[in-house]
Amino acid sequence: MNHKRLSIYLKNVFAGPALCLLAVCFLSGLPAPVQAQRGDRLWRLLEKRDWASRQVGFTGIQMTTARTQQDVISLTQITHRRPDLTLIRYKAPEFLAGMMVLDNGQESLHYIPGKPFLMAVSSRFNPARMDMYTYNTRLFRANYRLSWGGKQIVGNRQCLVIEVKPRYPGNPRRKLWLDTETGLEMKTERYDSGGRLSMTTRFVEIAFRDTISDEEVSLPEKARFLNRVQRPDTPLDLARSQEVVGFQAMMPQYLPQGYAFYEASAIRTGRRNMAHLMFSDGMNTISLFEHIASERRNRKHSPRNPWLGLSARMKSWKAGNLRLMLISDLPQSELDKIAASVAPAP
């Protein structure tokens, strides 16, 4: 595994997969625990999906295929012990193999072989974030509609297919395969703003189990002796985020229809303080990263780099003394409009 390469990326977040993987987490979608309406079976199924993992234990192999300029396949082994303990082991690609993420419902611990620390971030299932869930649910309902897609078999499991379609043209859409018995999401297809299939995630193997040992949902023994690094990216209001990073952030004056400000984060990477502003339409996100520009020449990025949000687009530019970067699955023309509209935040 290329630890040197990964270390460089983690230290220089704007220059590689570390930020790309961070973007993947956001672009993969914010959790949207929707509340069922009477007689609305589709929303009930999505509600069941959001909490399915709390009801069942399982071990499975999940494969992600990104259809960008070339297919990129990642493999993870996921072990979940109900209600809220999950261990993810990365098997591929090579530079991620051996990495692990342990989520206990309160925080996620990121273990990188060869590194003398554990990175701790707030779990997306943390009860303290329920207000964010509720807000995102409102956005999701306002901006998307559901339709039936029939029934299909995924990994020897009978699944119901639900299509999630945007109310506003140009926004990405998704197709979900939900296990009829447990409600677990067995497969997801993401389509970009042009309607092209951009990413598929599915379980190629899965076994539901009532009993899962402590060893199966634990990080390596040596991880107990590593220093914990609490990444300061928990939700902040904009004013507090600016106070933490030490500069006035830039805020877009234009957003595509359906999108709204979601949260601000402050991220510290070595000597660099970075502001992360996120905007959501309930299912998809726009990320705006900002930091004080350095004199060092910036590396160029490919707008279709397969690790950049798995087919997401990017726009990087300088405004005053700040370096900014947008990441989203929106058309490049929309990113250009957003970038042109940024102004100092109040």
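The values are calculated or read from the model by the stated rules, or taken from the named source; none is laboratory data. Small disclaimer: the values here were computed from a predicted structure and weren't measured. Using ideal geometry, Cβ is built from the backbone for each residue, glycine included, and neighbour counts are taken over all protein chains shown.
With respect to HIS110, is the statement that it is touching a residue at least 12 places away in the same chain (Cβ under 8 Å) and assigned to a strand (DSSP E or B) true? In short, no. Of all the numbered requirements in (1) at pLDDT 85 or above; (2) under 25 Å from GLU47 (Cβ atoms); (3) outside any strand (DSSP E or B), GLN158 misses one, and that requirement is (3). Of all residues in the stretch 178-190, none satisfies being of a type in the set (Asp, Glu) and part of a helix (DSSP H, G or I). Elements of the type strands (runs of 3 or more DSSP E) sitting completely within the stretch 198-293 and holding at least 2 residues that are at pLDDT below 85: these cover 227-230, 260-269, 272-280. Among residues that are under 25 Å from ASP192 (Cβ atoms), touching a Leu at 6+ places or on another chain (Cβ under 8 Å) and at pLDDT 95 or above, ALA312 is not included.
A single entry from ALA128, ALA120, ALA97, ALA142 fulfils the requirement of being touching a strand residue (DSSP E or B) at 6+ places or on another chain (Cβ under 9 Å), surrounded by fewer than 15 Cβ atoms within 10 Å (Cβ to Cβ), of a type outside the set (S, T, N, Q) and more than 26 Å from VAL204 (Cβ to Cβ): ALA128.
A count restricted to the stretch 64-94 and to residues that are over 25 Å from ALA207 (Cα atoms) and either of a type in the set (S, T, N, Q) or surrounded by fewer than 16 Cβ atoms within 10 Å (Cβ to Cβ) (or both) stands at 5.
Is the stretch 119-127 home to any residue that is farther than 30 Å from PHE261 by Cβ and either part of a loop (DSSP other than H, G, I, E, B) or in contact (Cβ under 8 Å) with a residue 40 or more places away in the chain (or both)? Scanning the stretch 119-127 turns up no residue that is farther than 30 Å from PHE261 by Cβ and either part of a loop (DSSP other than H, G, I, E, B) or in contact (Cβ under 8 Å) with a residue 40 or more places away in the chain (or both).
Checked across the stretch 178-191, the condition of being of a type outside the set (Phe, Trp, Tyr), exposed (fewer than 12 other Cβ atoms within 10 Å of the Cβ) and in contact with a helix residue (DSSP H, G or I) (Cβ under 7 Å, 6 or more places away or on another chain) holds for no residue.
Being of a type in the set (A, V, I, L, M) and at pLDDT below 90 is the filter; apply it to the stretch 320-346 and report the residue that is nearest to VAL245 (Cα to Cα). My answer is ALA345.
Of these, VAL154, VAL101, VAL121, which one is more than 30 Å from LYS222 (Cα to Cα) and β-branched (Val, Ile, Thr)?
VAL154 is the lone residue from the list that is more than 30 Å from LYS222 (Cα to Cα) and β-branched (Val, Ile, Thr).
When the stretch 192-210 is filtered for residues that are surrounded by 19 or more Cβ atoms within 10 Å (Cβ to Cβ) and acidic (Asp, Glu), only ASP192 remains. Within the stretch 68-113, the set of residues being out of contact with any Pro (no Cβ under 9 Å at 6 or more places or on another chain), of a type in the set (Asp, Glu) and over 20 Å from GLN55 (Cβ atoms) comprises GLU94, GLU107.
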